[in-house]
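Only one structure is covered here, and it is reproduced in the block below.
The values are calculated or read from the model by the stated rules, or taken from the named source; none is laboratory data. Being a predicted model, the structure only gives us computed values, none of them experimental. Cβ placement follows ideal geometry from the backbone for every residue including glycine, while neighbour counts extend to all protein chains displayed.
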Amino acid sequence: MATPGTADAATTAPSDIVLVDPSRVCPAGAGWTWIAKGWGLFARAALMWIASLVILFIIAFAMGLVPIIGHVAFQILSPVFAAGLVLACRSIEQTGNFELSELFGGFRVQFGPLAVVGILFFLGEVAILLVFGAFAGFAILSGALAGNTGNVLDAVVASSTSIALGALVAAALSVPLFAAYWFAPALVVLHGMAPLAAMRASFVASFRNFLPFLVYSIIMTIFAILAALPAGLGFLVWFPLLVTSSYVAYREIYTEGMPELAPR
């Protein structure tokens, strides 16, 4: 069955991954299964995953040297890089190999739609920031920009309740935004979905699978705390595991099922 927002020819990926419609609802225990299977994808090419993470960090740092524009550009390109990591997961699944060129696969496949996902996600972040600013008071933000530390501290103390409320509202709004973004790069790069359709499908599937995602989030949060202990070096493993486990979640929610990994 065709998935809304895709062309008929786009219901299968270039690698013949068939979408299911509607997306599956997984049991709560699937949250752990995604992580366990994601570890298998990571372990197949651990050094390549770590090297890719370091390269992305260097790119983000270099772009961040350009004030404002560099940060915005990297935000917009983030789904493009994410799509490359999805292609890397697919390559490991099919062949057991991870070529570094896969990291930039999103620049070759569906670049325009992926960049649109990045723009929509960035606009969502800006909207949430504006909501927080409305609660916290633009006086604080303007004081910070003016560099008047005394006025900023006074304003913060006077507006502590509004700041706390604004932070809670911003956090609450971030959940649906990230839900809409989570699977969008995979749906765009592997199935040719239009950006809005991919984000809508990601949003719906994420909330249909609230319980497994809750289990998944709790476990990954615990792992993040542990990863931070050895001078943060554990994040060299945690971030790739976040990618690979998210890919497994996409396969089990949206597709006919994830086969056994290809032999090396």
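Filter the range 92-113 down to residues that are in a helix (DSSP H, G or I) and of a type in the set (D, E, K, R) and give me whichever is farthest from Val54 (Cα to Cα).
Going through the qualifying residues, I end up with Glu93.
Of everything in the range 67-126 that's among the aromatic types (Phe, Trp, Tyr) and closer than 19 Å to Phe239 by Cβ, which residue is surrounded by the fewest Cβ atoms within 10 Å (Cβ to Cβ)?
My answer is Phe104.
Quick check: is even one residue across the range 58-78 touching a Pro at 6+ places or on another chain (Cβ under 7 Å), under 23 Å from Ala197 (Cα atoms) and at pLDDT 90 or above?
Scanning the range 58-78, I find no residue that is touching a Pro at 6+ places or on another chain (Cβ under 7 Å), under 23 Å from Ala197 (Cα atoms) and at pLDDT 90 or above, so the answer is no.
Could you list, in sequence order, the residues of the range 158-181 that are at pLDDT 90 or above, surrounded by fewer than 20 Cβ atoms within 10 Å (Cβ to Cβ) and not aliphatic (A, V, I, L, M)?
Residues satisfying the conditions are Ser174, Pro176, Phe178.
For the range 169-264, which helices (runs of 4 or more DSSP H) that fit wholly inside it have 2 or more residues that are over 17 Å from Gln110 (Cβ atoms)?
Ranges flagged: 195-208, 210-228, 235-254.
Counting just the residues of the range 230-252 that are in contact with a Cys (Cβ under 9 Å, 6 or more places away or on another chain) and among the hydrophobic types (A, V, I, L, M, F, W, C), which one comes out nearest to Ser23 (Cα to Cα)?
If we take residues in the range 230-252 being in contact with a Cys (Cβ under 9 Å, 6 or more places away or on another chain) and among the hydrophobic types (A, V, I, L, M, F, W, C), then Ala249 is nearest to Ser23 (Cα to Cα).
Checking the condition of a type in the set (A, V, I, L, M), assigned to a loop (DSSP other than H, G, I, E, B) and under 17 Å from Trp182 (Cβ atoms), which residue from Val25, Val66 passes?
From the options Val25, Val66, the qualifying one is Val25.
Consider only pairs whose beta carbons are under 8 Å apart and that are at least six residues apart or on different chains; among these, list those whose first residue lies in the range 205-234 and is β-branched (Val, Ile, Thr) and whose second residue is part of a helix (DSSP H, G or I) and surrounded by fewer than 18 Cβ atoms within 10 Å (Cβ to Cβ).
Val215/Trp32; Ile219/Trp32
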